């Protein structure tokens with residue numbers, strides 16, 4: 001008998017089964033809604049992004065490096081170019097561990113390679129480009145030909161071309177040209193958005209670095225479609241690389257070559273040749289030097305790097321832009337300070353003696369006797385120390401420093417490779433008080449007045465200052481390429497605030513040096529009338545004396561300035577440095593109208 005509820009309806013058990021279809025329907029709807037929302041998000045909102053990711057999985061771009069622009073001398077002769085080299089590569093994704101031994105043995109036999117070395121190269125993993133491993137570099141033409149004849153049956157191996165920088169004249173002008181090296185990880189991160197690749201090579205120093213954007217060109221590549229196994233399905237097209245632009249330098253190959261030959265028998269030094277009218281560098285040589293082709297090798301050991309970078313002779317240091325004691329080549333600066341200060345006008349004559357005492361030290365003249373009662377021109381002609389002691393001590397350090405600054409010292413010259421340049425040093429009272437910690441004394445001033453101890457300059461700075469006397473009073477900016485700049489504009493060529501009488505007196509003295517003074521040896525067949533100054537300087541670091549000679553020709557309005565510097569070569573500027581400059585002038589005179 002059925003039991004009724006108090007209301008009289010049958011009492012049925014509530015199991016919840018009637019609710020299940022509704023719950024299931026809601027779950028299905030929620031899942032479908034989520035999927036639809038996800039599809040809308042992926043297809044409409046993020047469609048472009050995911051298509052790019054899909055293409056990256058499906059498409060491989062095999063990069064092709066651009067050919068770097070050539071470096072040419074002013075007459076179009078090649079100073080740096082590029083050469084092709086062929087290398088053997090392995091694509092790891094296409095070669096399993098089981099397939100490798102057979103491929104390795106075939107490659108070793110076909111190309112006459114060491115199988116053990118091939119194993120070692122494979123075990124190193126992929127190169128910096130992330131998709132292949134270099135097995136052998138710099139293949140010979142016959143090896144390339146053999147591989148290409150059998151390439152279809154050597155799946156996973158490929159021979160590809162690399163483009164390396166080549167300097168046909170070896171170490172000639174190495175400090176000017178510079179070199180290229182593989183880009184570093186940090187450089188790549190900073191430059192990737194400018195089109196650089198991890199396989200790129202970048203200008204490291206010199207013109208190669210200064211004009212990197214002009215020379216480098218743009219990468220191209222081959223676009224390949226691959227399957228999930230990484231196997232190439234088809235070629236989707238090629239994008240050719242764009243070669244870099246050639247760059248014509250101001251260097252003259254003939255002058256650069258003779259400048260370096262002039263340094264051959266010296267332990268170290270520099271030669272600078274410059275057009276004083278606009279600052280164009282005609283030659284910039286430094287010794288010791290290096291071969292920039294060293295940096296173009298595909299593989300260089302750490303031992304080889306250490307031998308170059310830690311060489312005690314410092315071959316990577318440009319002596320042309322490093323500072324040294326200038327000796328008597330500095331005396332025109334002291335002469336300018338004396339005349340421009342008004343304390344020692346152009347007509348001044350001073351009595352020179354065997355030595356002059358300052359403090360407790362007697363500062364000698366180089367001939368041990370003095371040269372009698374003389375003026376500026378003869379003081380330069382004979383290179384009288386005691387004349388310039390009196391002028392320097394008389395005007396003081398501030399006037400000397402003022403003249404030095406106006407002639408371009410204690411500052412970078414403006415040359416494109418200026419990050420390698422030393423600004424030099426000219427001591428004064430402020431420096432003595434704040435840096436040295438002792439007062440500036442007359443002994444300091446006497447030394448500074450003849451370019452000793454308290455003065456250090458670079459050969460390039462000296463050439464720039466002598467250009468002022470050669471061109472009639474203009475301070476020009478040394479440069480190595482036109483670079484689209486008007487180097488004779490007011491931004492790069494400025495008038496030195498020097499009285500005409502000061503300029504003419506210094507020019508007269510420099511002419512006397514060559515005509516009948518310490519620089520007489522410069523005269524000879526094939527040498528135009530010139531003006532200049534010899535210099536012998538004690539090395540303030542303790543080494544043997546330096547030899548200097550600075551000159552310009554023809555006189556009075558020079559078309560070339562030459563500075564020769566023989567580092568730690570005792571014997572005098574007229575003995576060692578002057579003949580170096582003379583060789584450069586001889587070649588310049590022979591070739592300048594060609």
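Kindly evaluate residue 334 against the criterion of being in contact with a strand residue (DSSP E or B) (Cβ under 6 Å, 6 or more places away or on another chain), outside any strand (DSSP E or B) and within 14 Å of residue 407 (Cα to Cα). Let's see the steps before the verdict.
On the way: in contact with a strand residue (DSSP E or B) (Cβ under 6 Å, 6 or more places away or on another chain): no; outside any strand (DSSP E or B): yes; within 14 Å of residue 407 (Cα to Cα): yes.
Considered against the rule, which asks whether it is in contact with a strand residue (DSSP E or B) (Cβ under 6 Å, 6 or more places away or on another chain), outside any strand (DSSP E or B) and within 14 Å of residue 407 (Cα to Cα), residue 334 comes out as no.
What about residue 481, is it over 25 Å from residue 549 (Cα atoms) and in contact with a helix residue (DSSP H, G or I) (Cβ under 9 Å, 6 or more places away or on another chain)?
Working: over 25 Å from residue 549 (Cα atoms): yes; in contact with a helix residue (DSSP H, G or I) (Cβ under 9 Å, 6 or more places away or on another chain): yes.
Yes.
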Could we say that residue 167 is surrounded by 16 or more Cβ atoms within 10 Å (Cβ to Cβ) and out of contact with any helix residue (DSSP H, G or I) (no Cβ under 9 Å at 6 or more places or on another chain) here?
-> no
Could you list, in sequence order, all residues of region 92-125 that are touching a strand residue (DSSP E or B) at 6+ places or on another chain (Cβ under 7 Å), in contact (Cβ under 8 Å) with a residue 40 or more places away in the chain and buried (at least 18 other Cβ atoms within 10 Å of the Cβ)?
-> 103, 107
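Please go through region 485-499 and give me each residue that is without any contact (Cβ under 8 Å) to a residue 24 or more places away in the chain and more than 16 Å from residue 281 (Cα to Cα), ordered by number. Write out each step before concluding.
Step one: filter region 485-499 for residues without any contact (Cβ under 8 Å) to a residue 24 or more places away in the chain, giving 485-486, 489-491, 494-495.
The answer is 489, 490, 491, 494, 495.
Would region 63-81 turn up any residue that is more than 24 Å from residue 164 (Cβ to Cβ) and at pLDDT 70 or above? It would help to see each step written out before you state the result.
Initially, region 63-81 is screened for residues more than 24 Å from residue 164 (Cβ to Cβ), giving 74-75.
After this cut, where a residue has to be at pLDDT 70 or above as well, the list is 74-75.
Looking for residues that are more than 24 Å from residue 164 (Cβ to Cβ) and at pLDDT 70 or above, one finds at least one in region 63-81, hence yes.
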Looking at (1) within 30 Å of residue 247 (Cβ to Cβ); (2) in contact with a helix residue (DSSP H, G or I) (Cβ under 8 Å, 6 or more places away or on another chain); (3) touching a residue at least 60 places away in the same chain (Cβ under 8 Å), which is the only condition residue 472 fails?
-> (1)
Which pairs do you get when a residue that is farther than 15 Å from residue 530 by Cα, found in region 575-594, comes within reach of a residue that is modelled with pLDDT under 95 and part of a loop (DSSP other than H, G, I, E, B), reach meaning Cβ atoms under 7 angstrom, with the pair 6+ apart or on two chains?
-> 590/526
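If a residue counts only when it is assigned by TED's automatic domain parsing to the domain that holds residue 457 and farther than 25 Å from residue 474 by Cβ, which strands (runs of 3 or more DSSP E) contained entirely in region 513-594 have at least 2 such residues? Give the derivation first.
Details: elements: 531-537, 546-553, 560-566.
Fully inside region 513-594 and qualifying: 531-537, 546-553.
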Report yes if residue 276 is in the same structural domain as residue 582 (by TED's automatic domain parsing), modelled with pLDDT of 95 or more, buried (at least 20 other Cβ atoms within 10 Å of the Cβ) and in a loop (DSSP other than H, G, I, E, B), otherwise no.
-> yes
Listed residues 535, 521, 526; which is touching a residue at least 60 places away in the same chain (Cβ under 8 Å), at negative phi and over 30 Å from the mean Cα position of the chain (by Cα)?
-> 521
Taking region 210-222 and keeping only residues that are crowded, with 19+ Cβ neighbours inside 10 Å and either touching a helix residue (DSSP H, G or I) at 6+ places or on another chain (Cβ under 6 Å) or part of a helix (DSSP H, G or I) (or both), one is left with 210, 215
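The values are calculated or read from the model by the stated rules, or taken from the named source; none is laboratory data. Worth saying up front: this structure is predicted, and the values here are computed from it rather than measured. Heads up, the Cβs are rebuilt from the backbone with ideal geometry, glycines too, and the neighbour counts pull from every protein chain shown.
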